[in-house]
1. Calculate how steeply helix 81-111 sits against the longest principal axis of the alpha-carbon atoms of the chain, using the helix alpha-carbon long axis, and give the answer as 0 to 90 degrees to the nearest 10.
2. Among Leu33, Leu157, Leu190, whose Cα sits farthest toward the positive end of the charge dipole of the chain (+1 at Cβ of Lys/Arg, -1 at Cβ of Asp/Glu, about the Cα centre)?
3. Taking only protein heavy atoms and a 1.4 Å probe, what accessible area per residue, in Å², does segment 66-188 have with all protein chains in place?
4. So how compact is segment 92-150: Cα radius of gyration and Dmax in angstrom?
5. Rg and Dmax in Å for the chain, alpha carbons only: what are they?
6. Give the shape of segment 81-192 as rounded, prolate or oblate, defined through the alpha-carbon gyration tensor: a ≥ b ≥ c are the square roots of its eigenvalues, a/c under 1.5 means rounded, and otherwise the shape is prolate if a/b is larger than b/c and oblate if not.
7. Could you give the dipole magnitude of segment 80-192 about its Cα centre, charging the beta-carbon of Lys and Arg +1 and that of Asp and Glu -1, in debye to the nearest 20?
8. Got a number for carbon plus sulfur as a percent of the chain's accessible area, 1.4 Å probe?
Amino acid sequence: MKNPVYTSPDANKLQSESLQPERSGRFLELESLKIEYENLFDRSNKLDNKVYIAITFCGFLFVFITGLFSGISQLLGPDTLPEMIAVFLYILFCSALMVSYVYVLIYFMRMLQPEHIVRVDPEIIQSEALETVNSDEACRRLICIYRKIINENLDKLHLRCDEFVRGLRYVYLTVVLAFLAYAFQVLLRLIQ
């Protein structure tokens, strides 16, 4: 007894398209470009989510920084030269930390500004007069439209990703400054 062979309704469609290699290739290219087009928007949304996470991290960092600044009010007048140097360095690191923190926050907030991302506009498609040409030519024109839009959007997305990575480096610098200020705060408590 033979096992029945199941063929999906799409199998006949694929077989007929495989008989027309030029159309099939164009169709597959158009489909892959549509998928890439959708993926671009997903990647852009994920990048926005990462920016939100970085801003949230800055909120936690702010709590740590305010704790450091409360240490400034508890400083006693330095009696010796090493104490004076430690107080000066502590205040210097706290000042640098605040400047760095404000810069990072503004940097990431600026990244949340609306970005002009080109979409497949129905007017663009209408201007191509796809209804007046055969399906192969219509597919070719759609491929050109998608390719152009994807390339423009990819360039913008790459720039935003580079900006995000640069912003993370600023966050690292801010965290290092915070821990250096904390180290001087601990040192000052030990020597006073």
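1. For 81-111 against the chain, the angle is about 20 degrees.
2. Farthest towards the positive end: Leu190.
3. Numbers: 7480 Å² over 123 residues.
That works out to 61 Å² per residue.
4. Rg, Dmax (Cα atoms, Å): 22.9, 72.
5. 29.4, 101
6. Note, shape of segment 81-192 comes out prolate.
7. My answer is approximately 520 debye.
8. 63 percent
The values are calculated or read from the model by the stated rules, or taken from the named source; none is laboratory data. Model, not experiment: these values are computed from the prediction. Please note: Cβ atoms are built from the backbone with ideal geometry, for glycine as well, and neighbour counts cover all protein chains shown. Accessible surface areas use protein heavy atoms only, side chains included; no ligands, DNA or RNA. Shrake-Rupley method; radii C 1.70, N 1.55, O 1.52, S 1.80 Å.
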